[in-house]
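K.L.:
Sending over a structure as structure tokens; questions will come in a sec.
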Amino acid sequence: MAVNEDQEMELEALRSIYEGDDCFKELNPVTFQYRVGDHGDSKAFLIEVSWPETYPEMAPVINMNAFFNNSISSAVKQNITAKLQEQVEANLGTAMMYTLFEYAKDNKEQLMENHQPINNAVTSSGTDNATMTSNAASSVKKRNKKEQLTKAQKRKIAERTDHRGELPRGWNWVDVIK
């Protein structure tokens, strides 16, 4: 039971340290996510760490396959995982989550030095692009086209509203006393 006590103590410490921090997220009591960098930063990445049952004695499972990391190449992900595994080996047997997250935060530039953003868009041939561009232009024209009203409809709207297009005060009031 000492192992579970160690996990509970570390879990309590992580909750108190990262309370109110948007970068830290507890998925469940043994799985955590930590975002290194801001949302708009192209070199930001997300680390997901899971504890095995005998966590402080066994290494946690580090996962970089979150949707947030789709723009990062697999080589860079493997590099980050390898460097984090080195930190895990150095801290094996002790509570290491805070150490891992702070290492990743402090060495973000070094971990992401070979990062080239991946564009997930599918490219097509020139003739297809021209067709797609003309289709997109025609759909924009259709969106910009306003609904056509007849003169009678316009007159009825103008009679109901004032010069600003608003209904007069009390237009839907009901006379309670007759």
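The values are calculated or read from the model by the stated rules, or taken from the named source; none is laboratory data. Please read all numbers here as calculations on a predicted model, not as lab measurements. Note: ideal-geometry Cβ built from the backbone for every residue, glycine included; neighbour counts use all protein chains shown. The area values use the complete protein model at the heavy-atom level, side chains included, leaving out ligands, DNA and RNA. Shrake-Rupley method; radii C 1.70, N 1.55, O 1.52, S 1.80 Å.
K.L.:
Identify all residues within the stretch 53-71 that are open to solvent by less than 40 Å² (accessible area, probe 1.4 Å) and either basic (Lys, Arg) or out of contact with any strand residue (DSSP E or B) (no Cβ under 6 Å at 6 or more places or on another chain) (or both); write none if there are none.
P.N.:
55, 56, 59, 64, listed by residue number.
K.L.:
Which residue is farthest from the chain's Cα centre (by Cα), if the candidates are limited to the stretch 57-103 and must be in contact (Cβ under 8 Å) with a residue 40 or more places away in the chain and farther than 27 Å from residue 9 by Cβ?
P.N.:
Top of the filtered list is 73.
K.L.:
For the stretch 31-52, how many residues meet the condition of being farther than 17 Å from residue 85 by Cα and open to solvent by less than 50 Å² (accessible area, probe 1.4 Å)?
P.N.:
Selection size over the stretch 31-52: 3.
K.L.:
Report, ordered by the first and then the second residue, all pairs with beta carbons closer than 6 Å, sequence separation of six or more or different chains, a first member in the stretch 24-51 that is part of a strand (DSSP E or B), and a second member that is of a type in the set (Asp, Glu) and open to solvent by less than 30 Å² (accessible area, probe 1.4 Å).
P.N.:
Final answer for the pair search is none.
K.L.:
Moving on. Output the residue which, of all residues in the stretch 1-12 that are open to solvent by 80 Å² or more (accessible area, probe 1.4 Å), among the acidic types (Asp, Glu) and modelled with pLDDT of 85 or more, is farthest from residue 94 (Cα to Cα).
P.N.:
Here is the first cut: in the stretch 1-12, the ones open to solvent by 80 Å² or more (accessible area, probe 1.4 Å) are 1, 5, 8-9, 12.
From what is left, the residues that are among the acidic types (Asp, Glu) are 5, 8, 12.
Cutting the leftovers down to modelled with pLDDT of 85 or more gives us 8, 12.
Numbers: 8: 13, 12: 15 Å.
So the residue we want is 12.
K.L.:
Just need a number here: residues in the stretch 13-25 that are more than 15 Å from the chain's Cα centre (by Cα) and over 16 Å from residue 94 (Cβ atoms).
P.N.:
Of the residues in that region, 5 qualify.
K.L.:
Could we say that residue 106 is open to solvent by 60 Å² or more (accessible area, probe 1.4 Å) and modelled with pLDDT of 85 or more here?
P.N.:
When the stated conditions are applied, residue 106 passes them.
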